[in-house]
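*Asks:* Let me give you the structure first, and then I'll get to my questions.
Readers should treat all values here as calculations from the given coordinates under stated rules, not as data from a laboratory. These numbers were taken from a predicted model, which means no experiment stands behind them. Ideal geometry is used to build each Cβ from the backbone, glycine not excepted, and the neighbour counts take in all protein chains shown.
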Amino acid sequence: MNGIGKSMVNGSKPLIPQGEELARPPTRLMVLISIVAAFMLTLLPWPKAALWLVPDLGLLVLVYWNIHAPRLAALGAAFALGLAMDATHGLLLGLHALSYCVVTFLVLMLRRRLAFFTLKGQAAHLAPLFPLQEALVLLLGLAYGHSQVDWRYLAAGIVTAALWVPACLVLDRLTGRPARLDKVTGG
Amino acid sequence: MSPATQAPLFVREMGLTTRFGLYLLVCLILMAVDSRYSAMSVVRTGINAVVHPAQQVLVWPFEFLADAGGFFTVHNDLVRERDRLLQERGQLRARLQEYQALKSENDRLHTLAGLPPAPGLHRVQAEIIRADQDPFTRKVIVNRGSLHGVVAGRPVIDELGLIGQVTQVFPASSEVTLLTDHNQSAPVQAKRNGMRILVSGMGSDSLLEVRYLDLHADLKPGDILLTSGLDGIYPAGIPVARVLQIELPRHNPFARAICQPLGGVGQHRHVVILMPEKRA
């Protein structure tokens, strides 16, 4: 648990990779499969009355990889996932692509800062992004000529935000990352 | 460690902000093109052709479970249901004879009046396979597409009444915009006095409205509205809605009528797409 703290001398970076870096590095295939699987989960036959509550699992996994493997999943992945989303749901092409790009951009900006926080702290940083993404989609839809919007869909963003912590734990387990340190990891 | 996961020693690529700006620009252009021109429908159909089979595979276990539940139905229930259906079929047959008599009489009157006979309809049975997560329009996806001869623009009904219109056709599925969608409307006629009005969706799942109703129009709660057949899309005489209440004008010179759709809009699993009958 205090492995990192011990090996740090006067706060300088250890020579040998520790903890997270030592874990199996994420591969392109792993990233691709997890994002596609999460996206497919959202396409399951959810009950029609609760469609506005269905969380955006694809985005969740995308943000996870934005944080842990930004060289494998960044703006390009966000754009592609967004296009797939728009095409399958019959929405204006580019609507989700744009909002995902915005979220990814913000996450990449926040990334360095997030490293200093525990899982809960990270969740607090990321929570506003998911409703923001939904709001962006709804507003862009309005701007591009839809006359009416179902504002209940904002709730999906809140559900997605609430799922961040469990999703992180599940993805950590699936991708073989070491368990997270619950205490603040120096800096 | 694969080279892709390693940060390069010298950064020789665009900055994050620049790349972000470029992606934003591409998205905005894409949306503009998609909303103005129909050029993107090819892309859409292509992606849908890939995703649709995958979705079918995903849905399959759920359908299997539902079917497995049906396997254990009690024999007694089946017999009772069969009796009920037989009875219903008898009644429908009798009604059908009446209908055929009326139709031939109607055709005769048409020829007497020198009018072309009313076009027949060809019915395509379809099943609702999913509702889409779309905050802007109310629509469902049915499992019949261009392979089955479905064409965009055709009316969709269920056993009770009109439910919507086919708006997009894919190879093996098509998208039906429901009558309750805000931008959807149908020309109707009051059954009682033949008054012609336009009924539209109001963005609620269970209500329709007549938006611009004359203050003195003779429309009462309880009136049944049928399609008038004036637009050439919806054939005449399909039940659409029942008037619930008339709202007197407050801020504008028109009254408004709130109606309840008669068809189970998107509730029933089986629907029928009405196609024009092919003439030899």
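*Asks:* Among A:114-127, B:216-229, B:153-166, what's the highest-first ranking by average C-beta atoms within 10 angstrom per residue?
*Replies:* Details: A:114-127: 15.1, B:216-229: 16.9, B:153-166: 21.5.
Most protected by this proxy first, the peptides run B:153-166, B:216-229, A:114-127.
*Asks:* Moving on to the next point. Let me confirm one metric for peptide A:64-76, namely the mean number of other chain beta-carbon atoms within 10 Å of its residues' beta-carbons.
*Replies:* Per-residue shielding by partner chains comes out at 2.
*Asks:* Separate question: For peptide B:25-38, how many partner chain Cβ atoms fall within 10 Å of a residue's Cβ, on average?
*Replies:* So the per-residue partner count for this stretch is 5.
*Asks:* Here's something else I'd like to know. So what's the back-of-envelope 222 nm ellipticity for chain B, counting only DSSP H runs of four-plus at -39500 (n - 2.57) apiece and dividing by all residues, rounded to 500?
*Replies:* That comes out to -11500 deg cm²/dmol.
*Asks:* Okay, moving on. What order do you get for A:42-50, A:71-79, A:152-160 when each peptide is scored by the mean count of other beta carbon atoms within 10 Å, highest first?
*Replies:* The peptides rank, most packed first, as A:71-79, A:152-160, A:42-50.
*Asks:* Could you tally up the Lys pairs in the protein assembly as shown with alpha carbons closer than 30 Å? Skip any pair fewer than 8 positions apart unless they're on separate chains.
*Replies:* For the protein assembly as shown, qualifying lysine pairs total 13.
*Asks:* Would you give the gap between the C-alpha center of the stretch A:53-87 and the C-alpha center of the stretch B:181-238, rounded to a whole Å?
*Replies:* After rounding, the separation between the Cα centres reads 44 Å.
*Asks:* If you don't mind, there's one more thing I want to ask. Under a crude label model (7 Å from the Cα following the beta-carbon direction), how far is residue A:139 from residue B:99 in nanometres?
*Replies:* Reported label-point gap for residue A:139 and residue B:99 is 5.2 nm.
*Asks:* For chain B, modelled as a GNM with alpha-carbon contacts under 10 angstrom, which of B:43, B:26, B:169 fluctuates the most?
*Replies:* Sorting by GNM fluctuation, first place goes to B:26.
*Asks:* Here is a follow-up. How big, in percent, is the set of alpha carbon pairs in chain B lying more than 31 Å apart?
*Replies:* Numbers: 18647 of 39060 pairs.
Value for chain B: 48 percent of Cα pairs lie more than 31 Å apart.
*Asks:* Just counting partner chain Cβ atoms within 10 Å, what average do the residues of peptide A:142-149 show around their Cβ? Walk me through the intermediate numbers first.
*Replies:* Details: counts 2, 2, 7, 4, 7, 5, 10, 4.
Mean number of neighbouring Cβ atoms from other chains: 5.
*Asks:* Given R₀ = 45 Å, what would the calculated FRET efficiency be for residue B:67 paired with residue B:41, taking r from the Cβ atoms and rounding to 0.05?
*Replies:* E(calc), rounded to 0.05, equals 0.85.
*Asks:* Please determine, in degrees from 0 to 90 and to the nearest 10, the orientation of helix B:75-112 with respect to the longest principal axis defined by the Cα atoms of chain B, where the helix direction is its Cα long axis.
*Replies:* Long axis of B:75-112 versus the principal axis of chain B: about 70 degrees.
*Asks:* Once you put a point 7 Å from the Cα of residue A:28 and another 7 Å from the Cα of residue B:277, both along the Cβ direction, what distance in nm separates them?
*Replies:* 5.9
*Asks:* Separate question: If you plug each phi of the stretch B:206-221 into the Karplus form 6.51 cos²θ - 1.76 cosθ + 1.60 with θ = phi - 60°, what whole-Hz ³J(HN,Hα) values come out, in order, with x for Gly and Pro?
*Replies:* Taking θ as phi minus 60°, the curve returns 10, 9, 10, 9, 9, 6, 10, 9, 4, 4, 9, 4, 8, 10, 10, x Hz for the stretch B:206-221.
*Asks:* Another question, then. Which order do the peptides A:54-60, B:64-70, B:14-20, B:236-242 come out in when sorted by mean C-beta neighbours inside 10 angstrom, highest first? Spell out each step's value before the answer.
*Replies:* Details: A:54-60: 23.6, B:64-70: 8.9, B:14-20: 13.4, B:236-242: 19.0.
Top of the packing list down: A:54-60, B:236-242, B:14-20, B:64-70.
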